[in-house]
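Chemist: Quick one: the structure is below, questions incoming.
Every read-out reported here was derived from the displayed coordinates using simple, explicitly stated rules and does not represent laboratory data. All values derive from a computational prediction rather than experimental measurement. Here the Cβ positions follow ideal geometry from the backbone for every residue, glycine too, while neighbour counts run over all protein chains shown.
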Amino acid sequence: MNLILLGPPGAGKGTQAKRLVNCVGLVQLSTGDMLRAAVANGSAVGLDAKVAMDRGALVDDSIVVAIIEERIDEPDCRNGFILDGFPRTEAQAEALDKMLSNKNLKLDKVIEIRTDDAVLTERITGRFACADCGEGYHDQFRQPLVKNVCDSCGGHNFSRRNDDNAETVRARLSAYHSQTAPLLPYYRQQGVLGEVDGMLGVDEVTDQITKIINGS
């Protein structure tokens, strides 16, 4: 089974993808990770990507699709994959569909994790993490059990991502709505789009996704 998870930044795509890896046995494919791996491996498409990255330019869609194609040919993807973070535009979606069709593959489901922008902004801007072990926390939803002491490693150093501020989050959400949201009618027309309520708890979102995958 081949899946795509769609949703704005902070919607929980990465969290849900990791859960699906464990419960369905699929491989999570992050375009960022794949690009870095292709560059490190020195493959032909990796070298093409490196040229663009060294210039500080966006990697061409055709290169990204070629890297995805290389990755899904690996044995661990024989049962299927979950794409997280790609496609972001209709042109990318069309290129991905063409590549899969050439390999006699297809997307089985595209699942949108629907969210509320105001709540999502609150979620993201409240995030912080232990600088020592990476354990995640939130100003409102999850404080350490002992103030300023990490539950996981006992560390006292905490940090926040520089881009987890309201202005940046609003800009990222605006980009999602203008560029990526048009993918929804594209996949709805293909009959593969499913929608879940991303405002529910993590377990409930997982249950909704699992039902869509199982066709129930």
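Chemist: Distance from the Cα centre of the stretch 111-135 to that of the stretch 35-55, in angstrom?
Modeler: Each part reduced to its Cα centre gives a spacing of 30 Å.
Chemist: Show the residues, 5+ positions off or on another chain, whose built amide H is closer than 5 Å to the amide H of Gln28.
Modeler: Ile82
Chemist: Something else now. For Lys18, give me every one of the lysines with a C-alpha distance below 24 angstrom, ignoring sequence neighbours fewer than eight places off in its own chain.
Modeler: Lys106, Lys109, Lys211
Chemist: Further, regarding this structure: Over the stretch 1-100, what is the relative contact order in whole percent, taking alpha-carbon pairs under 8 Å and six or more residues apart?
Modeler: Reported as a whole number, the value is 39 percent.
Chemist: Within 10 Å of each residue's Cβ, count the other Cβ atoms and sort Phe141, Phe158, Phe86, Phe81 from fewest upward.
Modeler: Phe141, Phe158, Phe86, Phe81
Chemist: Output the relative contact order of the chain, whole-number percent, from Cα pairs under 8 angstrom with separation of 6+ residues.
Modeler: Relative contact order of the chain: 27 percent.
Chemist: Taking neighbour counts of Cβ atoms within 10 Å as a proxy for exposure, in what order, fewest first, do Val110, Val192 appear?
Modeler: Val192, Val110
Chemist: Given the Cα atoms of the stretch 29-140, and with Rh set as the inverse mean 1/r over their pairs in the Kirkwood sense, what is Rg to Rh to two decimals?
Modeler: Result for the stretch 29-140 is an Rg/Rh of 1.04.
Chemist: What are the ³J(HN,Hα) values, in whole Hz, obtained from phi via the Karplus relation 6.51 cos²θ - 1.76 cosθ + 1.60 with θ = phi - 60°, for each residue of the stretch 93-108 in sequence order, with x given for Gly and Pro?
Modeler: Running phi through 6.51 cos²θ - 1.76 cosθ + 1.60 with θ = phi - 60° gives 4, 5, 5, 5, 4, 5, 4, 5, 4, 5, 9, 6, 10, 7, 7, 8 Hz.
Chemist: Sticking with this structure for a sec: Counting only residues 5 or more places away or on other chains, whose amide H sits under 5 Å from the amide H of Leu6 once H atoms are built in the peptide plane?
Modeler: Hits under the 5 Å cutoff: Ile111, Glu112, Ile113.
Chemist: For all pairs of alpha-carbon atoms in the chain, what percent lies in each bin of width 5 Å, listed from the first bin to the last filled one?
Modeler: Going from the shortest bin to the longest, the percentages are 1, 6, 13, 16, 18, 17, 14, 9, 4, 1, 0, 0.
Chemist: By count of other Cβ within 10 Å, fewest leading, how are Lys147, Lys106, Lys50 ordered?
Modeler: Fewest to most other Cβ atoms nearby, the residues stand as Lys147, Lys106, Lys50.
Chemist: Among all cysteines in the chain, which have no other cysteine Cβ under 4.7 Å from their own Cβ?
Modeler: Lone cysteines by the Cβ rule: Cys23, Cys77.
Chemist: Follow-up question, since we're still on this one. Run the helix sum for the chain: -39,500 (n - 2.57) per DSSP H stretch of 4+ residues, divided by residue count, reported at 222 nm to the nearest 500 deg cm²/dmol.
Modeler: Dividing the helical sum by the residues of the chain leaves -14000 deg cm²/dmol.
Chemist: Also: Could you work out which residue, out of Met34, Met53, Met99, moves most in a Gaussian network model of the chain, that is, has the largest mean-square fluctuation with Cα springs under 10 Å?
Modeler: Per the Cα network of the chain with a 10 Å cutoff, Met53 tops the list.
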